[in-house]
1. Would a scan of region 195-202 turn up a residue that is of a type in the set (Ser, Thr, Tyr), within 15 Å of ligand 1 (Cβ to nearest atom) and more than 25 Å from Ala236 (Cβ to Cβ)?
2. Among residues belonging to region 116-151 that are part of a helix (DSSP H, G or I) and in contact with a helix residue (DSSP H, G or I) (Cβ under 9 Å, 6 or more places away or on another chain), point out the one that is farthest from ligand 2 (Cβ to nearest atom).
3. What are the residues in region 152-181 that are within 16 Å of ligand 2 (Cβ to nearest atom) and of a type outside the set (A, V, I, L, M, F, W, C), if any?
4. Among the residues of region 163-190, what is the count of those that are modelled with pLDDT under 95 and hydrophobic (A, V, I, L, M, F, W, C)?
5. Any residue in region 200-207 that is at negative phi and open to solvent by less than 10 Å² (accessible area, probe 1.4 Å)?
6. Among (1) within 14 Å of ligand 2 (Cβ to nearest atom); (2) touching an Asp or Glu at 6+ places or on another chain (Cβ under 9 Å); (3) on the phi < 0 side of the Ramachandran plot, where does Gly210 come up short?
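The values are calculated or read from the model by the stated rules, or taken from the named source; none is laboratory data. Every value quoted in this text rests on a predicted model; they were computed, and no experiment measured them. Counting neighbours? That spans all protein chains shown, and the Cβs are built from the backbone with ideal geometry, glycine included. Side chains are part of the model used for accessible areas, which takes the heavy atoms of the whole protein and leaves out ligands, DNA and RNA. Shrake-Rupley method; radii C 1.70, N 1.55, O 1.52, S 1.80 Å.
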Amino acid sequence: MTLTTTTVQDLYPTRGTSEVMTPRQDPVVWGPASSPELRSYERDGFLAVDQLITEDEVAVYHAELERLISDPAVRADERSIIEPKSQDVRSVFEVHRISEVFANLVRDERVVGRAREILGSDVYVHQSRINVKPGFGASGFYWHSDFETWHAEDGLPRMRTVSVSIALTENHDTNGGLMIMPGSHRTFLGCAGATPKDNYKKSLQMQDAGTPSDEALTAFADAHGIRLFTGRAGSATWFDCNCMHGSGDNITPYPRSNVFIVFNSVENTALEPFAAPVRRPEFVGARDFTPVR
Ligand code: 6CS
Ligand code: FE
């Protein structure tokens with residue numbers, strides 16, 4: 001019997017000795033871009049939706065977020081990331097599995113239907129999280145491409161992954177909103193610097209490995225500009241896994257809470273990390289590829 005180890009080609013090298021830019025080798029919309037929305041998503045790498053869920057629904061999901069973050073068992077769970085300074089809960093991962101309320105949101109046709117349309121296949125949840133981003137100093141996320149991490153550390157081979165961030169509180173232009181560089185999704189920025197072991201423990205608070213250089217960020221910003229997303233609770237931003245994005249600190253009294261769901265195509269399931277010594281835990285990078293039904 002011959003054992004064949006199929007070595008998968010790494011189309012997007014990253015975390016070597018120096019930064020390397022690779023043109024995107026994957027479609028953005030994996031099916032016919034048959035609507036103005038899909039065409040603008042394909043062009044920009046994102047789609048802003050004024051109201052994805054109603055105010056009443058926001059109240060349900062916001063109440064569930066509050067319930068989760070005030071549950072001592074959730075707070076003590078490894079799925080919860082705590083703000084270093086204030087000791088507030090910053091994020092809770094895998095909410096689609098620990099909360100029936102958020103599991104329903106994932107299955108909602110307005111959510112999973114759009115993900116299937118963009119990815120052109122059945123989808124499963126690679127990651128979900130609630131981000132509380134409380135006021136009075138919650139820190140943001142420095143510039144990064146999610147796919148760079150999901151490729152390097154979770155082993156996603158192709159750019160066939162889409163995220164949706166649904167606002168559960170008002171996203172003002174002052175309270176640390178999501179910023180994306182429009183069109184940046186068409187270039188993969190391979191970052192310099194190897195991934196330390198257990199990197200996720202640090203990176204979920206403040207990313208280090210996988211951080212672009214000032215020169216690369218300047219080139220991207222000069223070429224693409226920067227768009228800040230604001231919107232009322234219930235609004236949403238769909239964005240491609242390879243968008244260069246980040247968010248600022250929130251020093252206002254107004255929390256910027258959202259629920260963030262990452263859909264991956266069932267044709268693009270996680271392999272072994274392409275540039276990390278070990279896999280991340282399943283609550284950050286799913287290994288259950290059951291399609292969302
Ligand atoms: O490492 C990750 O998977 C997470 N980190 C950030 C800053 N964005 C994407 C994802 O939630
Ligand atoms: Fe991100």
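1. Scanning region 195-202, I find at least one residue that is of a type in the set (Ser, Thr, Tyr), within 15 Å of ligand 1 (Cβ to nearest atom) and more than 25 Å from Ala236 (Cβ to Cβ), so the answer is yes.
2. To start, the set of residues in region 116-151 that are part of a helix (DSSP H, G or I) comprises 116-119, 146-151.
Going one step further and asking which of them are in contact with a helix residue (DSSP H, G or I) (Cβ under 9 Å, 6 or more places away or on another chain), we end up with 117-118, 147, 149.
Values: Glu117: 22, Ile118: 17, Phe147: 10, Thr149: 8 Å.
The residue in question is Glu117.
3. Narrowing region 152-181 to residues within 16 Å of ligand 2 (Cβ to nearest atom): 152-154, 156, 159, 161-167, 171, 176-181.
Hits for region 152-181 are Glu153, Asp154, Thr161, Ser163, Ser165, Asn171, Gly176, Gly177.
4. Selection size over region 163-190: 0.
5. If we filter region 200-207 for residues that are at negative phi, which is where we start, we get 200-207.
Next cut, open to solvent by less than 10 Å² (accessible area, probe 1.4 Å) only: none.
No; the residues of region 200-207 include none that is at negative phi and open to solvent by less than 10 Å² (accessible area, probe 1.4 Å).
6. For Gly210, the exception is condition (3).
Residue by residue, here is whether (1) outside any loop (DSSP other than H, G, I, E, B); (2) not basic (Lys, Arg) holds:
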position	(1), (2)
Met179	yes, yes
Lys201	yes, no
Ala209	no, yes
Ala216	yes, yes
Phe220	yes, yes
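The rows are residues; the columns are (1) surrounded by 18 or more Cβ atoms within 10 Å (Cβ to Cβ); (2) of a type in the set (Val, Ile, Thr); (3) in contact with a Gly (Cβ under 7 Å, 6 or more places away or on another chain).
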position: Thr22; (1), (2), (3): no, yes, yes
position: Val29; (1), (2), (3): yes, yes, no
position: Ser40; (1), (2), (3): no, no, no
position: Glu55; (1), (2), (3): no, no, yes
